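Novice: Next up is a structure, given as C-alpha cells.
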Amino acid sequence: MYVHEVRVRFYHTDGMQVSHHANYILWMEAARVEFFRWAGVSLNEIMADGIVFPILHAECDYLHSSRYDDLLEIRTKLVRLSRAQIVFRYEIFRPADQQVIARGLTRGTFTSVKTGRIIRLPQNYYERLAALAEPEDCE
C-alpha cells in the first residue's frame, strides 16, 4: 500500500469550507501517479515508449466530509494487474480523528499513443508493478 498525503486547501472547498466532491477524484489521481513513481515506473519513460493508460471507470463513495486544512492520507492499493488492465482501490483517511472519509476505485487500460488501441504492458513495467500488487476481487 502506498500512502499519499494531501492537505485540504481553501480552494478545494465550497462556501461552508467543505471539500467539493470532485477533489476526491483528483486526489486519487495524484496518489495513482505517485504510486507509479514509488513502484519505480517513470510516467515520462512509459509515455516515451508510446504507452498511456486512460481511466475507463472511476468511482467514489463519500462517507464523511473533509474540511479546509484537514490533512488526509490517500491509501492506494494496486488490486488487479494484467498486461492490459490496471485497477486501484483508494481509502481517503483523516488521521486526526481516525476517520475513513471516502473509498474509491479506478480501472484503466494500457493503450498505444499511436493507434489508441489497447496494448500489452511490456514485461519490464509489468514486473515492477506486479511486485507491489495486493490482489483482491474487484468485480
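Here, each number is a calculation from the coordinates, and none is a lab measurement. As the structure is a computational prediction, the values presented were derived from the model and not from experiment. Glycine gets a Cβ as well: all are built from the backbone with ideal geometry, and neighbour counts include every protein chain shown.
Novice: Calculated from DSSP H runs of 4 or more alone, at -39500 (n - 2.57) each and per residue, what is the 222 nm mean residue ellipticity of the chain, nearest 500?
Specialist: Computed ellipticity for the chain at 222 nm equals -6500 deg cm²/dmol.
Novice: Where q = 0.09 Å⁻¹, what log10 of I(q)/I(0) comes from the Debye formula for the stretch 19-139, counting one point per Cα?
Specialist: -0.27
Novice: A follow-up question, please. From the residues Gln17, Ile46, His57, which one has its Cα farthest along the dipole of the chain in the positive direction, the dipole being from +1 and -1 charges on Cβ of Lys/Arg and Asp/Glu about the Cα centre?
Specialist: Checking the options against the dipole of the chain, the answer is Ile46.
Novice: Can you list the equivalent-ellipsoid semi-axes of the stretch 1-86, largest first and in whole Å, using the square root of 5 times each Cα gyration tensor eigenvalue?
Specialist: Equivalent ellipsoid of the stretch 1-86: 28, 13, 12 Å, largest first.
Novice: On to the next question. Using a Förster distance of 35 Å, how high is the FRET efficiency between Ile55 and Gln17, based on the Cβ-Cβ distance and rounded to 0.05?
Specialist: 0.75
Novice: Please turn the phi angles of the stretch 65-78 into ³J(HN,Hα) values with the Karplus equation 6.51 cos²θ - 1.76 cosθ + 1.60 (θ = phi - 60°), one per residue in order, whole Hz, x for glycine and proline.
Specialist: Values, residue by residue: 7, 10, 10, 3, 6, 5, 9, 10, 10, 9, 7, 10, 10, 7 Hz.
Novice: In vacuo Debye scattering of the stretch 73-139, one point per C-alpha: log10 I(q)/I(0) at q = 0.16, 0.29 Å⁻¹?
Specialist: After summing over all Cα pairs, the log10 values are -0.63, -1.21.
Novice: Now a separate question. Hey, what does the equivalent ellipsoid look like for the stretch 53-108, semi-axes from the Cα gyration tensor as sqrt of 5 times each eigenvalue, largest first, whole Å?
Specialist: Semi-axis lengths for the stretch 53-108 are 26, 11, 8 Å.
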